[in-house]
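A quick write-up on the structure given underneath.
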Amino acid sequence: LDTPGTSAYPDSINVAEDGILLGFSNAESGLKIQDGRLKELRLVKKDGSSVTAAGEVVNGSFLKITNGTTDVKEIQYCMSTIPEGTLFTQNGLPVAPFDLTIQEAPTGLSGCSPSSVSKKDGTITGVTTNMEYRGADKTTYMACSGNTISGLASGTYYVRQKVSSNNI
């Protein structure tokens, strides 16, 4: 169940051609849009303009934003002076207002495959201590501790800037 008295908040993002998918912490009961219309969701573009966004709950606990999703740098929900939020958990707790900055993908990374399928001597270079990584088969990111990630088995890895409370 959701933690009593604690609002749900976004903790993951997936930007794709057909929209932006936000995942939420503390929304174990699922999400719902009150009165069928999502209000106070805005996208701020890289050029500084903003658009009102439309969204829908998918798979019970994800918010899919479906319009105006190209060149987005920020996602805002309930950031007006007198907010009128319509996104809730199934248990009736309102989703907390948020103003998220979408981080740019890291650049300058280089990978080196393991010397054989059975060895764990692959590397990714060009990372910083402000980044984290995970294997495609894992759900938890691990902090980078220097400029090289070593000891990697064969596979796909994801590297991103570290997530904080206002950027994902």
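The values are calculated or read from the model by the stated rules, or taken from the named source; none is laboratory data. None of the values given here were measured: they were computed from a predicted structure. When we count neighbours, we look across all protein chains shown, and the Cβ atoms used for this are built from the backbone with ideal geometry, even at glycine. Heavy atoms of the whole protein, side chains included, go into the accessibility calculation; ligands, DNA and RNA do not. Shrake-Rupley method; radii C 1.70, N 1.55, O 1.52, S 1.80 Å.
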Residues satisfying the stated conditions in the stretch 68-112, i.e. open to solvent by 70 Å² or more (accessible area, probe 1.4 Å), part of a strand (DSSP E or B) and either touching a residue at least 60 places away in the same chain (Cβ under 8 Å) or under 15 Å from Leu21 (Cα atoms) (or both) | Lys73
Go through the stretch 132-168 and give me each residue that's surrounded by 11 or more Cβ atoms within 10 Å (Cβ to Cβ) and β-branched (Val, Ile, Thr).
-> Thr148, Ile149, Val159, Val163, Ile168
Does Asp47 count as open to solvent by 50 Å² or more (accessible area, probe 1.4 Å) and farther than 30 Å from Thr156 by Cβ?
-> yes
Positions within the stretch 133-144 being assigned to a strand (DSSP E or B) and of a type in the set (Ser, Thr, Tyr), in sequence order | Tyr133
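For every residue, the table says whether it meets (1) of a type in the set (A, V, I, L, M); (2) closer than 24 Å to Gln161 by Cα.
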residue	(1), (2)
Leu22	yes, yes
Gln76	no, yes
Ser80	no, no
Asn91	no, no
Thr101	no, yes
Could you list all residues from the stretch 113-132 that are assigned to a strand (DSSP E or B) and either farther than 12 Å from Tyr157 by Cβ or under 22 Å from the mean Cα position of the chain (by Cα) (or both)?
-> Thr125, Met131, Glu132
So Thr129, is it under 30 Å from Lys32 (Cβ atoms), open to solvent by less than 80 Å² (accessible area, probe 1.4 Å) and among the polar types (S, T, N, Q) = no
Those residues of the stretch 29-52 which are assigned to a loop (DSSP other than H, G, I, E, B), free of Cβ contacts under 8 Å to residues at least 60 places away in the same chain and either among the small types (Gly, Ala, Ser) or more than 11 Å from Thr86 (Cβ to Cβ) (or both), in sequence order = Lys46, Asp47, Gly48, Ser49
With respect to Ser7, is the statement that it is open to solvent by less than 50 Å² (accessible area, probe 1.4 Å), closer than 22 Å to Tyr158 by Cα, modelled with pLDDT under 90 and not in a helix (DSSP H, G or I) true?
-> no
Answer with yes or no whether Ser150 is assigned to a strand (DSSP E or B) and more than 16 Å from the chain's Cα centre (by Cα).
-> yes
